[in-house]
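Presented below is the structure to which this report refers.
The values are calculated or read from the model by the stated rules, or taken from the named source; none is laboratory data. Every value quoted in this text rests on a predicted model; they were computed, and no experiment measured them. All Cβ positions, glycine included, derive from the backbone under ideal geometry; neighbour counts span all protein chains shown.
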Amino acid sequence: MIFLTIGTHQPFERLVRAVDEWCASRGTGAQVFGQITEPKTGGWRPQHFEWVARLTPEDYERRIAETQLIVSHAGMGTILTALYHAKPIVVMPRRGHLNETRNDHQFTTVRMLGSRSGIHVAEDETQLGPVLDRALAEEGAGGTVAPISDLADSRFTDALRAFLTEQNVARK
């Protein structure tokens, strides 16, 4: 199963429409389930895959556990959830200039994380279909995603410790 989730704050019609069109062109709608928030009046309502506006936290966790691939906006919560559960993720950033978010922080996120194993980036809807195909092919070929730890990376904690020690010394 492919799980499309776009966060719970606002619709992301560009991504939802692109996934729906991909499902129609590939005949894969039965493999996709989406949590897409309630579309705006006159907004895109998927016709080629099953969807709901919201899931309970328990249902969301179940969908994550059962999925083969997550498709999402480039929200850090969803990216971290995918990595924590060792699930590959395809991300497409919301864009500020399209009024999908307040600025281009999600675009910056994909630029910074896009080379990480298990994170597949479609910078826009024209790239989504090929990126989905590639991610599924990698998964079918036995691709693996290394799960992230519950603990912070030692490089981060070492740098934080050095910074705090330096600040302490400077205050004395």
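Got a number for residues in segment 1-33 being over 17 Å from the mean Cα position of the chain (by Cα) and aliphatic (A, V, I, L, M)? Here the count works out to 2. Of all residues in segment 35-91, those being among the acidic types (Asp, Glu) and in a loop (DSSP other than H, G, I, E, B) number 1.
Yes/no per residue for (1) surrounded by fewer than 16 Cβ atoms within 10 Å (Cβ to Cβ); (2) modelled with pLDDT of 85 or more:
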{"position": "Ala86", "(1), (2)": "yes, yes"}
{"position": "Gly96", "(1), (2)": "yes, no"}
{"position": "Ser117", "(1), (2)": "yes, no"}
{"position": "Val121", "(1), (2)": "no, yes"}
{"position": "Leu136", "(1), (2)": "no, yes"}
{"position": "Ala146", "(1), (2)": "yes, no"}
{"position": "Leu151", "(1), (2)": "yes, no"}
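Give the residues of segment 57-105 that are touching a residue at least 40 places away in the same chain (Cβ under 8 Å), of a type in the set (Lys, Arg) and in contact with a Gly (Cβ under 9 Å, 6 or more places away or on another chain), sorted by residue number. Answer for segment 57-105, where residues must be touching a residue at least 40 places away in the same chain (Cβ under 8 Å), of a type in the set (Lys, Arg) and in contact with a Gly (Cβ under 9 Å, 6 or more places away or on another chain): Lys87, Arg94.
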